[in-house]
Amino acid sequence: MKSFRLIPALVAAAMLVGCVPSNEGGTELTQETQQDEKTETTIIPSIQIDESYYKTLIPYKESASRGLVVSNIYTKYDMKEVEAGLMRLSHHEFDTENYYFQEGQYLAESTVSSWLARSSQTEDGLNPPITDTMTPEERAKKAPIYLSHIVEQNYLTKTKDNKVKLGGISIGLALNSIYYYQKEQYGEYYEEPISESELVEQGKKMAAEIVSRLRTGDELKDIPIVVGLFKQQARNQIIPGAYFSYGVAKAGQNNIADWEGIDENYVLFPTDDSQDVYRDVSKNFKIFKQDVDKYFSNYTSVIGTGFYRNKEIQKLTIEIPIQFFGKAEIIGFTQYLTGILINRFNNIHVEVSITSVNGPEALINKKANDTDPYVHVYE
C-alpha cells in the first residue's frame, strides 16, 4: 500500500467541561490532540441559525490544504460550490442536529498535492501517467488531467458519555469537464472536452483508491466516509458546476458499494434554453429585467443564477450593479424591486443583491410564498 502523510488531528478525546454556556455563546469543550495529548479549549455554538447548517466548532480550524483550492479550481464560483455542495450532500449521512462541522484535519497539503499529480510524477499520483514521447494532443485525448482538487470535511459528534469524537469524513473530488493544454510553451491554450461517462468511470476509480488509503490509518479505520464527484465548469463560466454522484463507505468498509446520482445544476438567467423546466422562470426573469430597465434611463445589468434540484428551482439569486449613489434613490429602488419580486416570483425563494462601486447597497431576501420579505439597506 502506498504511504501518505496524515495531519495530527483531533480524534475521540474531547470532553465536555461543565456543560454550561460560555461567554462566547456556546458550550465550552476541552479537546485532546492525538499525538501529544495536549488539551485545547473549543466551543460548540448554542445557536443554529438554520437547520440546513451545521454548527461549527470555535475557534475555527482551517484545513492545511485549503490554499490549494485557489490554484486548482478554475473559477471563484466552483471554489465556493465544491465546498458548499459537499456540505449539502453530507446531510444524507451526517444530520445537522447531531453532527458538528470542521474543515478537514487529516490530509496534509503535501498529501493532497501528491495525490493530484500524475502517477508518472509521484508514486501516489491519481491522474493518468504520460511519457516523454507523447505529444500534447495525445496527452489531451489519452491521458487528460481528470482530478483537479480534493476537498476534505470532518463531522464530529457527541457521545453518550459526554465526549466529542470524529463521526464521519466527506471527500469531494473536483473533476475537469475540459482539459486545457498548450502545444508549445507560452502558446495559446486548446480545449479537449471530457465526457461525463469518463468522469464517472475515473471518479469512481479514484474514490475507491482514496477510501482504501484512508483506511490504512487506525484513526479512520471505522469512520464512515462520504465521497462526492463534482463536475467543474469551463474557465469562462460565471455559474458553478455541481456534484453529480456520491457514495458512502460505511464504517469498517474499504469500498463504496453503491453510488447515488445527484440531480443538481445552476442555470444562468435570462437563458435561451428551451427546456420546459426553465421556461417559466426565464420568462418571469425577462419581465423582471424589463421592469428594472423602466426604472432607469441608463443601462443596468441584471444577472440571475437559479439553483435546481430534481428539476425544481430551489433558489434564484439576482445581482444588480447600479451606477447611482444617492441614498434616497437606493431606498426608492429597493422598495420598487421588493414589490416586483412578490408579484413576479411569488412561489420562489429569491435573493437580490444591489451593489455599486462603493460596495453592497441593499439586500432583499424573499422566501417562497412570502409576502413580507427581509429587506436591508446598508448604511
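The values are calculated or read from the model by the stated rules, or taken from the named source; none is laboratory data. This is a predicted model, so every value here is computed, not measured. Every residue, glycine among them, receives a Cβ derived from its backbone with ideal geometry; neighbour counts consider all protein chains shown. In case anyone asks, the SASA skips ligands and DNA or RNA and just uses the protein heavy atoms, side chains included. Shrake-Rupley method; radii C 1.70, N 1.55, O 1.52, S 1.80 Å.
Could you tell me which of rounded, prolate or oblate describes region 265-375, using a ≥ b ≥ c as the square roots of the eigenvalues of the alpha-carbon gyration tensor, with rounded for a/c under 1.5 and, failing that, prolate when a/b is larger than b/c and oblate otherwise?
Values: a/c = 1.94, a/b = 1.57, b/c = 1.24.
Here region 265-375 falls in the prolate category.
In the chain, what percent of the accessible surface is made up of carbon and sulfur (1.4 Å probe, ligands and nucleic acids excluded)? Don't jump to the answer; show the numbers that get you there.
Numbers: 9050 of 19420 Å².
Heavy-atom surface of the chain belonging to carbon and sulfur, 1.4 Å probe: 47 percent.
Please work out the Kirkwood hydrodynamic radius for region 85-177, using every pair of different C-alpha atoms, and report it in angstroms with one decimal place. Please list the in-between numbers first.
Values: mean 1/r = 0.0646 Å⁻¹.
That comes to 15.5 Å for region 85-177.
Restricted to Cα positions, what overall size does the chain have along the principal axes? Three whole-Å values, descending.
Principal-axis extents of the chain (Cα, largest first): 66, 66, 36 Å.
Roughly how far apart, in whole Å, are the Cα centres of region 216-264 and region 328-379?
36 Å
Hey, quick one: spin label on Asp258, modelled 7 Å out along Cα-Cβ, who in region 219-234 has an amide N within reach, i.e. under 16 Å?
Those under the cut-off are 225-227.
Calculated from DSSP H runs of 4 or more alone, at -39500 (n - 2.57) each and per residue, what is the 222 nm mean residue ellipticity of the chain, nearest 500?
Numbers: 7 runs with 91 residues, N = 379.
Here the helix-only value at 222 nm equals -7500 deg cm²/dmol.
For the chain, what is the accessible area per residue in Å², given a 1.4 Å probe and the full set of protein chains?
Numbers: 19420 Å² over 379 residues.
Heavy-atom SASA per residue in the chain reads 51 Å².
If R0 is 25 Å, what FRET efficiency do you get for Glu123 and Thr159 from their C-beta distance, rounded to 0.05?
On the way: r = 38 Å, r/R0 = 1.50.
So, using R0 = 25 Å, E works out to roughly 0.10.
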